[in-house]
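Notes for the one structure printed next.
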Amino acid sequence: MLKIRRLGSFKPWGSAVSAIEMALWDIAGKAAGLPVYKLLGGKVRDRVRVYNGGVRFPMTGQAPDDYAKAMAKMKAARERFTIIKQGIGFHSPMPATVPNFFLGEAVSSSLQTFLQSDPKAASAHPRNARIPIVVL
């Protein structure tokens, strides 16, 4: 595990390294006749706080108020999340919809030009359809 762990922080290896490590802990727990949490030092807490990464509501815009309304809806959802992960900035539609989003002038990248010239590629990779480059 020590030999492969150094690869674990880079895509696409991280998930594979995590899967191998979990499998090894499971094997060690079975061999020892103990649950893995005991091998790792014992029980730490009774509850685990999780964040909302998948329950979403349609947004009416990209302004800060629109995000605040969406967060309020997510907090009021039946799951009662108290932590919400929300993509903003370059991980959202904001670059294309918010006026004066860029400090400098936005220009197209070669990938964006390729995706615009090939409709099949753009539809296959909708998240990559807008990749802005900022020129200051």
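The values are calculated or read from the model by the stated rules, or taken from the named source; none is laboratory data. Computed from a predicted model, the values in this text were never measured in an experiment. No Cβ is skipped: glycine too gets one built from the backbone with ideal geometry, and neighbour counts run over all protein chains shown. Ligands, DNA and RNA are excluded from the accessible area calculation, which covers all protein heavy atoms including side chains. Shrake-Rupley method; radii C 1.70, N 1.55, O 1.52, S 1.80 Å.
A few points about this structure:
- Within the stretch 1-84, chymotrypsin sites (Phe, Trp or Tyr not before Pro) in DSSP loop having at most 12 other beta-carbon neighbours inside 10 Å: F10, Y51
- In this structure the stretch 1-87 gives 82 Å² per residue of accessible area when probed at 1.4 Å with all protein chains present.
- Among the listed pairs K43/K75; K38/K69; K38/K75; K3/K30, those whose Cα-Cα separation exceeds 32 Å are K38/K69; K38/K75.
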